[in-house]
2 protein chains.
Amino acid sequence: MKSQIRRTAIVSALLTAFVAAPIALPNGNSALLGNTAHAAQEKLGPEVSSFFLDNGLQVVVIPDRRAPVVTHMLWYRAGSADEPPGKSGIAHFLEHLMFKGTKTVANGEFSARIAAIGGQENAFTSTDYTGYFQRVTPSALEEMMTLEADRMENLVLTDELILPERDVVQEERNSRTENNPGSLLREAMAAALYQNHPYGIPIIGWQHEIDTLTKEDALAFYDKFYTPNNAILVVAGDVDAETVRSLAEKTYGKVARRAEPGVRKRPTEPTPQAARRIEMADHRVSTPSFQRLYLVPSYNTAEPGEAEALDVLSDILGGGSTSRLYKSLVIDQQIATSSGAWYQGGALDHSSYGFYGAPKPGISLEEVEAATDKEIAKLLEEGVTQEEVERTTRRLVKQAVFSQDSQASLARIYGGSLVLGSTIEDIEAWPQRIQAVTAEAVNKAARKYLQMPRSVTGYLSPKQQEG
Amino acid sequence: MKSQIRRTAIVSALLTAFVAAPIALPNGNSALLGNTAHAAQEKLGPEVSSFFLDNGLQVVVIPDRRAPVVTHMLWYRAGSADEPPGKSGIAHFLEHLMFKGTKTVANGEFSARIAAIGGQENAFTSTDYTGYFQRVTPSALEEMMTLEADRMENLVLTDELILPERDVVQEERNSRTENNPGSLLREAMAAALYQNHPYGIPIIGWQHEIDTLTKEDALAFYDKFYTPNNAILVVAGDVDAETVRSLAEKTYGKVARRAEPGVRKRPTEPTPQAARRIEMADHRVSTPSFQRLYLVPSYNTAEPGEAEALDVLSDILGGGSTSRLYKSLVIDQQIATSSGAWYQGGALDHSSYGFYGAPKPGISLEEVEAATDKEIAKLLEEGVTQEEVERTTRRLVKQAVFSQDSQASLARIYGGSLVLGSTIEDIEAWPQRIQAVTAEAVNKAARKYLQMPRSVTGYLSPKQQEG
């Protein structure tokens, strides 16, 4: 069974950072970044084009001529938060099943053809989307498009194919989650953070619900969401927009609109009323650790400028070895081996803002938590300085520049942002918006959201002995 | 607006105890209780009869000739846990709207008619059911049945009627929950206890979702669940089964099967992995208190005998002033003003087992929690004695006897148990099953379920001063 496990990735809403570092321009000339770039004389960034086929498929082309390679990614607006109640894991299970063959392509043939031409492939499921990815030579692009378009409407599933793959998924859950106390704690923290929204349900699914998933469940999800008008195709690499357009019309253009999924409207969170704490002690844990999550808005739900301010705030507080937390807990006080903060702004609905820290031997989790809280309290009281903000925005924009160096990450940035409702203009203007963040905006966002009733605190510790 | 608030009751799954004290027989001759009573020579209990109309309505008649009064209760198998995601509160809102009139009965006329004949009425919504109740003289029974049957299929709703009533519901939520830190904490604890099952959503609904409920939402819920084949009629009092049957056929018998709601299958809980803690400090709190919930099975989901064992366990540990917790914390150690435990076994799916305690002035919540945990640990280690079990089962059976003295509570016991899937035989055999509980069964259930990873702990405390 093990050998059948696909190299797929479950993209957690807590870990991806597409929007947080969407895109910037290679010359680092930050003053000319963003929307204004279009008006500028010099051609500064990739000439991204976007168009729709008649069946509703959005096609985005990102030229990148540095090497004879193309990245072909298809994104569906369908993730684990779109699953029907009680069917957790069906989005991810279907992602596995998409490799099981169609009316004309045999089980396993999709991957075999890519391997035969030396290509790479992957697939991933998140709370808000599912994506399929191949990296091949430009001459193989048409074949990729033909295969991907084929499995958008012609998937064939039988119980014979499905049931062993469900075991594979359970095995994936076992190795990633059931045997990993840190993952179990993260699941419990997400379930506590989201009291009403389906983001509280794990992307891979609850173990006892995966057990009950059927062929009918997979096909119902497929028929509801896998339709051209619910997908975004991103082609990046050594290819021009006109070629992609004609290939797309020839392949994807033949797929009928199979459904009208409409607006994605999930239950939202009530205003949080009380701080929650979760402790997990397990003999498999070697290093204790502390985590804190706060319920915050995403780029998609925040007031204008708020999400950008949260990105700057997380960097000042906890981004790397020059951050306030690291300097205080690791360097000055020497009570922690790690300490930091992060913001995951890429989500259709709510998002989370997190802190973490690991105590040095002899130091308790309570001490690390108290020291973290002291830094937070100090920030809320005294605020950040404009100088800190400027140093941080410069660094964030530079990071965005670096992220553009990889063709695959370019494709992921565009696909992952567009699938969450951003426009190409939003993506291109991100560096500009980050540079517009003021100390006042950071302080306001911090005081609004870093409140204990919005939080879940987690302790992971080694189990000393059986009770 | 206030004067419009209906006298309705939201029945929390955490508070009802229908199944926990279902029914016993008035002479207290416990040796002859239960199913065997039918074979006994003497007539020991009410001669409960049950039959179905052609349209699927179950009718249960409980003769009680002590006074010229009848209790008429209609129970629908539809509660807050049956609501669509994002529509929390619609079951309870519809319960309010059921008094807004039909094709032939004007808004408010239903209640006016009952008041005119000196009757009493009420309505209640729970996680698993919604019920409507009137207490009138036997001569008015036909009118009650006519009115109740009429509003099962002829409800008329307009936005003009709906929108002010939604304000009434919000006002109800404000006074019960938003202005009550204890209620807010209970909501947060339920949301943390149920990570996947809709029992984590409050019966009255989240405030921000109540705001969005529409006429269409109410009618969709009504059309799906308010159908004779999804209801149970209980008539208790000074009336015989044949009279009820002919009246039921004449009134309810005319209502067509409006829908086929089918089996109620909600998402279930994963095995809990980590203890959760919630703290709420608020200046409106005068007395601090501690609570602990454990996820346990209900009478409907437990292994045979397990739920009965949990009922006995909760009584030994925390039922009244002779319980272990009260004797230890309140009398011996004098650290608490109250301390107890409860089990709420009446639910279609999961249930909860709770502990509570309030510290004496000068004592911390931590000390009360630690003392409670010490009693729990002692019980898990040493177990309960057979003598404790027998003393408890005698008392539980006696309590069940007392509960039969009220006609309304008899009707609630039968209706509330049948609507959760019990049979009349189950209800009548409950005293027998309680008497069969052994110390071994109690200890086994305690060790299986009173485990910290299954728990949520709550602290409610006065807010000392603003941070």
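The values are calculated or read from the model by the stated rules, or taken from the named source; none is laboratory data. Just so it is clear, the structure is predicted and the values come from calculations on it, not from any experiment. Here Cβ is always computed from backbone atoms with ideal geometry, including for glycine, and neighbour counts include all displayed protein chains.
Listing for the model above:
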item: Flag if residue B:175 is farther than 30 Å from residue B:253 by Cβ, surrounded by fewer than 21 Cβ atoms within 10 Å (Cβ to Cβ) and hydroxyl-bearing (Ser, Thr, Tyr); result: yes
item: Enumeration of residues in region A:276-299 that are crowded, with 20+ Cβ neighbours inside 10 Å, at the interface with chain B (Cβ under 7 Å from one of its Cβ atoms) and either over 20 Å from residue B:183 (Cα atoms) or at pLDDT below 95 (or both); result: A:278, A:280
item: Residues satisfying the stated conditions in region B:181-196, i.e. more than 7 Å from every other protein chain (Cβ to nearest Cβ) and either touching a strand residue (DSSP E or B) at 6+ places or on another chain (Cβ under 6 Å) or more than 17 Å from residue B:89 (Cβ to Cβ) (or both); result: B:181, B:182, B:189, B:193
item: Any hit, region A:247-256, residues being within 14 Å of another protein chain (Cβ to nearest Cβ), farther than 28 Å from residue A:300 by Cα and part of a helix (DSSP H, G or I); result: no
item: Residue B:71 being of a type in the set (Val, Ile, Thr) and either assigned to a helix (DSSP H, G or I) or over 26 Å from the mean Cα position of the chain (by Cα) (or both); result: no
item: Region B:76-109, subset touching a Ser or Thr at 6+ places or on another chain (Cβ under 6 Å) and within 14 Å of chain A (Cβ to nearest Cβ), residue nearest to residue B:173 (Cα to Cα); result: B:80
item: Hits in region B:276-329 (condition: basic (Lys, Arg) and assigned to a strand (DSSP E or B)); result: B:276, B:277, B:292
item: Cβ pairs under 8 Å, 6+ apart, first in region B:376-405 and free of Cβ contacts under 8 Å to residues at least 60 places away in the same chain, second in a helix (DSSP H, G or I); result: B:385/B:439; B:386/B:439
item: Residue check, residue A:112 more than 14 Å from chain B (Cβ to nearest Cβ), among the small types (Gly, Ala, Ser), more than 25 Å from the chain's Cα centre (by Cα) and not in a helix (DSSP H, G or I); result: no
item: Extreme residue, nearest to residue B:217 (Cα to Cα), among residues of region B:74-94 that are outside any loop (DSSP other than H, G, I, E, B) and hydroxyl-bearing (Ser, Thr, Tyr); result: B:80
item: Filter result for residue A:314 (away from chain B (no Cβ under 14 Å) and touching a His at 6+ places or on another chain (Cβ under 7 Å)); result: no
item: Some residue of region B:336-346 being in contact (Cβ under 8 Å) with a residue 40 or more places away in the chain, in contact with a Leu (Cβ under 7 Å, 6 or more places away or on another chain), part of a loop (DSSP other than H, G, I, E, B) and of a type outside the set (Phe, Trp, Tyr); result: yes
item: Region A:414-467 - residue that is in a helix (DSSP H, G or I) and polar (S, T, N, Q) and, of those, farthest from residue A:401 (Cα to Cα); result: A:443
item: Test result for residue B:244, more than 14 Å from chain A (Cβ to nearest Cβ), crowded, with 21+ Cβ neighbours inside 10 Å and assigned to a strand (DSSP E or B); result: no
item: Subset of region B:47-60 that is in a strand (DSSP E or B) and out of contact with any Lys or Arg (no Cβ under 8 Å at 6 or more places or on another chain) - its residue that is surrounded by the most Cβ atoms within 10 Å (Cβ to Cβ); result: B:60
item: Selection count where residues are assigned to a helix (DSSP H, G or I) and either polar (S, T, N, Q) or under 13 Å from the mean Cα position of the chain (by Cα) (or both), scope region A:400-410; result: 3
item: Per-region count, region B:214-235, residues assigned to a helix (DSSP H, G or I) and under 23 Å from residue B:414 (Cβ atoms); result: 4
item: Residue in region A:205-213 that is more than 23 Å from the chain's Cα centre (by Cα), assigned to a helix (DSSP H, G or I), within 24 Å of residue A:156 (Cβ to Cβ) and acidic (Asp, Glu) present; result: no
item: Given (1) surrounded by 15 or more Cβ atoms within 10 Å (Cβ to Cβ); (2) closer than 20 Å to residue B:343 by Cα, index of the condition residue B:411 fails; result: (2)
item: Qualifying residue in region B:178-197 (condition: of a type in the set (Gly, Ala, Ser) and either within 30 Å of residue B:405 (Cβ to Cβ) or in contact with an Asp or Glu (Cβ under 8 Å, 6 or more places away or on another chain) (or both)); result: no
item: Residue A:393 touching a Leu at 6+ places or on another chain (Cβ under 8 Å), more than 30 Å from residue A:133 (Cβ to Cβ) and of a type in the set (Val, Ile, Thr); result: no
item: Positions within region A:199-240 being small (Gly, Ala, Ser), in contact (Cβ under 8 Å) with a residue 40 or more places away in the chain and within 13 Å of another protein chain (Cβ to nearest Cβ), in sequence order; result: A:205
item: Evaluation of residue B:271 against (1) surrounded by 17 or more Cβ atoms within 10 Å (Cβ to Cβ); (2) of a type in the set (Ser, Thr, Tyr); (3) within 14 Å of chain A (Cβ to nearest Cβ) (one fails), failing number; result: (1)
item: Residue within region A:347-364 that is over 29 Å from residue A:126 (Cβ atoms), in contact (Cβ under 8 Å) with a residue 60 or more places away in the chain and aliphatic (A, V, I, L, M) present; result: no
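A quick yes/no check of all residues on (1) under 18 Å from residue A:308 (Cβ atoms); (2) crowded, with 22+ Cβ neighbours inside 10 Å; (3) over 22 Å from the mean Cα position of the chain (by Cα); (4) among the basic types (Lys, Arg):
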position: A:325; (1), (2), (3), (4): no, yes, yes, no
position: A:330; (1), (2), (3), (4): no, no, yes, no
position: A:365; (1), (2), (3), (4): no, no, yes, no
position: A:370; (1), (2), (3), (4): no, no, yes, no
position: A:373; (1), (2), (3), (4): no, no, yes, no
position: A:380; (1), (2), (3), (4): no, no, yes, no
position: A:392; (1), (2), (3), (4): yes, yes, yes, no
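Let's see how each residue does on (1) acidic (Asp, Glu); (2) touching a Gly at 6+ places or on another chain (Cβ under 6 Å):
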| position | (1), (2) |
| --- | --- |
| A:325 | no, yes |
| A:344 | no, no |
| A:358 | no, no |
| A:369 | yes, no |
| A:375 | yes, no |
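Per-residue answers, yes or no, for (1) basic (Lys, Arg); (2) surrounded by fewer than 24 Cβ atoms within 10 Å (Cβ to Cβ); (3) in contact with a strand residue (DSSP E or B) (Cβ under 7 Å, 6 or more places away or on another chain):
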residue	(1), (2), (3)
B:75	no, no, yes
B:85	no, yes, no
B:102	no, yes, yes
B:108	no, yes, no
